[in-house]
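Student: A single structure is presented below for examination.
The values are calculated or read from the model by the stated rules, or taken from the named source; none is laboratory data. Note that this is a predicted model, so its numbers are computed, not measured. Cβ sites come from the backbone with ideal geometry, for glycine too, and all protein chains shown count toward neighbours.
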Amino acid sequence: MDRNAVIVDGTLPGSSRCSAEPADQDFCPPFAGRNGVEIWNANGVSVENLTVCNFIGDASANNGNQIWRNGGDGSGRIGLMPYYGACRAVSSSFYRQGTPNVAQYGTFVSNSKGPGSIQFSYASNMGDSSFYIGGCRDCNALLRFVHAQNSPQGYSGSNSGGHLVMEDSEWDHNQSGIVPSSLASYDQPSPRNGACPKASGKFCTLIQQNYMHDNNNPNTPGSGLAATAVTGSGIDLTGRRNNTRPQQSGYP
């Protein structure tokens with residue numbers, strides 16, 4: 001019931017809490033990195049009031065998710081429906097220049113059609129992004145009252161669209177703030193499309209009422225493709241369709 005007292009810690013047994021020391025990290029050789037909390041194709045699960053830290057991915061950026069709702073990552077199919085998360089803090093204190101082993105994602109939601117909500121949560125120091133919702137043509141997701149810092153991308157979401165709202169949140173000291181994107185090779189199908197399904201002329205992906213500042217940090221623990229995110233961008237709409245302008249919004 002208290003995210004300051006309930007800690008899911010990826011460091012080795014006997015280490016100090018969420019230790020930054022290289023010798024205290026569990027790289028899980030010879031396996032493909034580790035995840036903190038993983039919800040695999042389980043509907044209606046709420047994860048609240050805890051802290052997760054220092055779950056490190058492998059050299060190829062596999063795993064390293066602090067909290068992962070996995071509805072069939074990379075499959076191109078939806079396997080997860082309702083979910084809820086709130087009052088969570090996720091981060092990693094470990095980063096060593098030159099090593100590919102980093103924590104990849106703070107809160108990661110893949111292949112879900114919701115409805116889903118993530119609120120009142122904090123994430124930082126990831127190799128890819130603090131918050132991720134992707135692989136969903138119509139995500140039916142709400143990201144509200146969250147705070148993302150010191151990651152290459154505060155938010156990333158490959159091929160996420162439809163009913164998706166990111167609002168009332170703070171994004172700062174990232175390489176780039178909010179980076180929705182289209183990727184042909186991962187989290188299919190592409191492209192990312194913000195149109196309302198079955199509602200011609202209306203747009204349902206909304207990015208609004210956010211406090212975005214100081215997203216010009218080139219010294220995040222970036223890895224892989226995420227490390228190439230534009231430094232100094234608040235919102236980077238990459239390869240997407242039907243962007244919302246206020247006079248065109250029609251969220252049903």
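Student: Looking for something surrounded by 16 or more Cβ atoms within 10 Å (Cβ to Cβ) and either outside any loop (DSSP other than H, G, I, E, B) or within 16 Å of the chain's Cα centre (by Cα) (or both) - is there at least one such residue anywhere in the range 20-27?
Tutor: Within the range 20-27 (the criterion being surrounded by 16 or more Cβ atoms within 10 Å (Cβ to Cβ) and either outside any loop (DSSP other than H, G, I, E, B) or within 16 Å of the chain's Cα centre (by Cα) (or both)), the answer is yes, since at least one residue qualifies.
Student: Another question, then. Restrict the check to the range 31-41 and report whether at least one residue is over 18 Å from the mean Cα position of the chain (by Cα) and at pLDDT below 95.
Tutor: Yes, some residue in the range 31-41 is over 18 Å from the mean Cα position of the chain (by Cα) and at pLDDT below 95.
Student: Still on this structure, please answer the following. I'd like the residue in the range 117-160 that is in contact (Cβ under 8 Å) with a residue 40 or more places away in the chain and part of a strand (DSSP E or B) and, out of all such residues, is surrounded by the fewest Cβ atoms within 10 Å (Cβ to Cβ).
Tutor: Of everything passing the filter in the range 117-160, Gly134 is surrounded by the fewest Cβ atoms within 10 Å (Cβ to Cβ).
Student: Restricting attention to the range 182-202, does a residue exist that is within 22 Å of Ala103 (Cα to Cα), modelled with pLDDT under 90, among the hydroxyl-bearing types (Ser, Thr, Tyr) and surrounded by 14 or more Cβ atoms within 10 Å (Cβ to Cβ)?
Tutor: Looking for residues that are within 22 Å of Ala103 (Cα to Cα), modelled with pLDDT under 90, among the hydroxyl-bearing types (Ser, Thr, Tyr) and surrounded by 14 or more Cβ atoms within 10 Å (Cβ to Cβ), one finds at least one in the range 182-202, hence yes.
Student: Could I ask something else about it? Would you pick out the residues in the range 161-185 that are touching a strand residue (DSSP E or B) at 6+ places or on another chain (Cβ under 6 Å) and assigned to a loop (DSSP other than H, G, I, E, B)?
Tutor: Keep residues of the range 161-185 that are touching a strand residue (DSSP E or B) at 6+ places or on another chain (Cβ under 6 Å), which gives 161, 164-174, 176-183.
Once the filter is applied, which keeps residues that are touching a strand residue (DSSP E or B) at 6+ places or on another chain (Cβ under 6 Å) and assigned to a loop (DSSP other than H, G, I, E, B), the range 161-185 yields Gly161, Asp168, Ser169, His173, Asn174, Ser182, Leu183.
Student: Can you tell me how many residues within the range 161-184 are within 19 Å of Ser112 (Cα to Cα), touching a residue at least 12 places away in the same chain (Cβ under 8 Å) and small (Gly, Ala, Ser)?
Tutor: 4
Student: Name the one entry in Thr231, Thr220 that is assigned to a loop (DSSP other than H, G, I, E, B), in contact with a helix residue (DSSP H, G or I) (Cβ under 9 Å, 6 or more places away or on another chain) and among the polar types (S, T, N, Q).
Tutor: That would be Thr220, the only listed residue that is assigned to a loop (DSSP other than H, G, I, E, B), in contact with a helix residue (DSSP H, G or I) (Cβ under 9 Å, 6 or more places away or on another chain) and among the polar types (S, T, N, Q).
Student: I would also like to ask the following. Does Asn150 meet the test of being under 22 Å from Gly72 (Cβ atoms) and in contact with a Pro (Cβ under 9 Å, 6 or more places away or on another chain)?
Tutor: No, not satisfied.
Student: Test of understanding: among Gly44, Gly98, which residue is at positive phi, modelled with pLDDT of 95 or more and more than 17 Å from the chain's Cα centre (by Cα)?
Tutor: Gly44
Student: While we're here: Considering only residues of the range 57-93 that are within 16 Å of Ser130 (Cβ to Cβ) and in a loop (DSSP other than H, G, I, E, B), which is modelled with the lowest pLDDT?
Tutor: In this case the residue turns out to be Ala61.
Student: If you go through the range 236-244 one residue at a time, do you hit one that is free of Cβ contacts under 8 Å to residues at least 60 places away in the same chain, under 30 Å from Gly57 (Cα atoms) and part of a loop (DSSP other than H, G, I, E, B)?
Tutor: Yes, because at least one residue in the range 236-244 is free of Cβ contacts under 8 Å to residues at least 60 places away in the same chain, under 30 Å from Gly57 (Cα atoms) and part of a loop (DSSP other than H, G, I, E, B).
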